[in-house]
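Student: Supplied in structure tokens, the structure appears directly below.
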Amino acid sequence: MTSPRRVALVTLGCARNEVDSEELAARFAGGGFELVADAADADAVVVNTCGFVEQAKQDSIDTLLEARGLDADGRRRAVVAVGCLAERYGVELAATLPEADAVLGFDSYPDLAARLSAIIEGDRPASHVPRDRRALLPVSPVDRAAARAALTVAEPDLPLGIAPMSGPRPVRRRLTGGPVAPLKLASGCDRRCSFCAIPSFRGAFVSRPPDEVVGEAEWLAEQGIVELHLVSENSTSYGKDLGDVRLLERLLPRLAAIDGVERVRLAYLQPAELRPSLVEAMVATPGVAGYFDLSFQHSSPAVLRRMRRFGGTEAFLGLVDSIRALGPEAGIRSNVIVGFPGETAADLAELEGFLTEARLDAVGVFSYSDEDGTEAASLGGKVRADVAARRYARLTTLTETLTAARAEERVGTEVDVLVEELTPEGAEGRGEHQAPEVDGSVTLLGSGFAVGQIVRARVTAAEGVDLVAVPS
């Protein structure tokens, strides 16, 4: 009997890519492949690339190069690039990276198992030709549901011409253990931030119907998932293409009520779209984490306008205050960009003042870089590289100090810790104010803990953004 072909999946980038890889894993398994963790044991390696910023692109290319080699039987291993970098650059990536046997776009996902079998046999398919995926659907969000229905083909859950990550997710196979899993609410984005290329290769914003989200959440709960991490490019837009901008407020209680689900965490919120009613729903719904992932990017109104974003220091502080008025212990995180074209010393000082007053729990600092095809790449007033580097270092130091101080404020309070790993000292987990991988963790001291358990604990110390706690 012929042994099944073996494929290793390597996932780079965000939680949205993790979900895409689990879809691909299910398709490979359904196509007769054996999934292996180590590329050295595989007949083929599929790299789900990231194309967000320059460092992520380089990491993707380095991973593709490292995947080359011989399989366990001494044959040359096939290497295939998929994901955002492959979708965004396609034939250009293939031309500069002959080490990859194929560069395939999102539309190849439905039959990727068959394609991979052919590639292992020596087939070299034409590389993906990029296009602006925003043009695949009507400009008006409310017209998209009908357009998707009209495009339905043999596999009804995957409309023709729409990337799988822009539509329902009919198949999925878990690739990692643990009690937490990302769950896609939607994909694509209708915003036109001048520094961001994501909408052009992820497409227009498309919400998943609530029943499909709930169905996948129920399946995840059956797999032992305790915390659902809701992700998309812009979660605050959920429901607008389904004719109901308050749909998320009714979806959250449904997800929190699923048997086995103890915590629902919402990510990727746009401050300009965060309605008071959604804030209230997030704070007041039992089982929904008091956690606000707010994409401020800057606080100087002048810089924000050049970014084609809204708001400013006064509005953002008002939003932070309104959240804490309802949920004093709520966690708030954000990302900011320094060195954006036209940014002045006064703009940077305003951002520093905002961050100091806002007392956020976590802040990701990024130094601006030109992205192909974006409006910002053509803007004047470029900040010199050495100046941008100094600003980045300065703001990084400031945010580390501020977030550590915010963590100190939690000493003496109680937190609900989801246990993710057992340790000699007790356990490692996260409070409601801490998202997976990016916001620090809580060390629980004691014994008798179990992975997936939520423990009420009193914070006894802070180490940077990390906390130390004992059961209450």
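Student: At 1.4 Å probe size, put Ile225, Ile120 in order of accessible surface, largest to smallest.
Tutor: Accessible-area ranking of Ile225, Ile120, largest first: Ile120, Ile225.
Student: A further question follows. Indicate, rounded to the nearest 5 percent, the antiparallel portion of the DSSP beta bridges found entirely in the chain.
Tutor: Taking every DSSP beta bridge within the chain, about 35 percent pair in antiparallel fashion.
Student: From the residues Asn234, Gln223, Ala404, which one has its Cα farthest along the dipole of the chain in the positive direction, the dipole being from +1 and -1 charges on Cβ of Lys/Arg and Asp/Glu about the Cα centre?
Tutor: Comparing the listed Cα positions along the dipole, Asn234 ranks first.
Student: Then there is this: If the viscosity is 1.002 mPa s and the temperature 20 °C, what translational diffusion coefficient in µm²/s does Stokes-Einstein give for the chain when Rh comes from Kirkwood over Cα pairs?
Tutor: The estimated diffusion coefficient comes to 91 µm²/s.
Student: Rounded to the nearest Å, what's the spacing between the alpha carbon centres of the stretch 385-423 and the stretch 16-79? Just the number, please.
Tutor: 33 Å
Student: Please calculate how many Å² of accessible area the chain carries per residue, with a 1.4 Å probe and no DNA, RNA or ligand atoms counted.
Tutor: Computed with neighbouring chains in place, this is 40 Å² per residue.
Student: Could I ask something else about it? If you plug each phi of the stretch 102-107 into the Karplus form 6.51 cos²θ - 1.76 cosθ + 1.60 with θ = phi - 60°, what whole-Hz ³J(HN,Hα) values come out, in order, with x for Gly and Pro?
Tutor: Each residue's phi maps through the Karplus curve to give 7, 10, 10, x, 4, 5 Hz.
Student: Another question, if that's okay. How big is the stretch 326-412 along each principal axis, measuring the range of its Cα positions in Å and listing the largest first?
Tutor: 49, 24, 18
Student: Right, next: Between the stretch 167-244 and the stretch 257-272, how many Å separate their Cα centres?
Tutor: What the calculation gives is 11 Å, centre to centre.
Student: Determine the dipole magnitude for the chain: charges of +1 sit on the beta-carbon of Lys and Arg, -1 on that of Asp and Glu, nothing else is charged, the reference point is the Cα centre, and the result goes in debye to the nearest 20.
Tutor: Using Cβ point charges on Lys, Arg, Asp and Glu, the chain gives about 1100 debye.
Student: Please report the carbon-and-sulfur percent of the accessible area for the stretch 319-472; probe 1.4 Å, protein heavy atoms only, DNA, RNA and ligands left out.
Tutor: Carbon with sulfur: 53 percent of the solvent-accessible area.
Student: From largest to smallest, what semi-axes in whole angstrom does the stretch 1-121 give when each is the square root of 5 times an eigenvalue of its alpha carbon gyration tensor?
Tutor: 22, 16, 13
Student: As an exercise, identify the chymotrypsin sites (Phe, Trp or Tyr not before Pro) in the stretch 290-340 lying in DSSP coil whose Cβ has no more than 15 other Cβ atoms within 10 Å.
Tutor: Phe310
Student: Can you find, among Pro271, Pro286, Gly448, the residue farthest towards the positive end of the dipole of the chain? Put +1 on the C-beta of Lys and Arg, -1 on that of Asp and Glu.
Tutor: Pro271
Student: Another question, then. Counting DSSP beta bridges with both partners in the stretch 168-310, what percentage is antiparallel, nearest 5?
Tutor: 15 percent
Student: State to the nearest 20 debye the size of the charge dipole of the stretch 208-322 about its Cα centre, where the only charges are +1 on K and R beta carbons and -1 on D and E beta carbons.
Tutor: With only Lys, Arg, Asp and Glu charged at Cβ, the dipole is about 660 debye.
Student: Going through the stretch 304-408, which trypsin sites (Lys or Arg not before Pro) have at most 12 other Cβ atoms within 10 Å and a DSSP loop state?
Tutor: Loop-located and lightly packed - Arg384.
Student: How many times 2.2 N^0.38 Å is the alpha carbon radius of gyration of the stretch 15-66?
Tutor: Taking the Cα Rg and dividing by 2.2 N^0.38 Å, one obtains 1.25.
Student: If you don't mind, another one. Enumerate the calculated ³J(HN,Hα) couplings along the stretch 184-196 in order (Karplus 6.51 cos²θ - 1.76 cosθ + 1.60, θ = phi - 60°), each rounded to whole Hz, writing x wherever the residue is Gly or Pro.
Tutor: Those phi angles translate into 7, 8, 6, 8, x, 7, 9, 6, 10, 4, 5, 9, 10 Hz.
Student: Please identify the cysteines of the chain that lack any partner cysteine with a Cβ under 4.7 Å from their own Cβ.
Tutor: Cysteines of the chain left without a disulfide-compatible partner: Cys14, Cys50, Cys84, Cys189.
Student: Let me ask you something else. Taking amide H positions as placed 1.01 Å from N in the peptide plane, with prolines and chain starts having none, which residues 5 or more places from Met307, or on another chain, fall under 5 Å of its amide H?
Tutor: none
Student: Let me ask you something else. Which is farthest toward the positive dipole end of the chain among Ala461, Thr356, Pro141, measuring Cα position about the Cα centre, with Cβ charges +1 (Lys, Arg) and -1 (Asp, Glu)?
Tutor: Of the candidates, Pro141 comes out farthest on the positive side.
Student: Give me the percent relative contact order of the chain, please, defined on Cα pairs under 8 angstrom at least 6 residues apart.
Tutor: Over the chain, the number comes to 9 percent.
The values are calculated or read from the model by the stated rules, or taken from the named source; none is laboratory data. Not measured: the values here are computed from a predicted model. Cβ sites come from the backbone with ideal geometry, for glycine too, and all protein chains shown count toward neighbours. Surface accessibility is based on the protein's heavy atoms, side chains included, excluding ligands, DNA and RNA. Shrake-Rupley method; radii C 1.70, N 1.55, O 1.52, S 1.80 Å.
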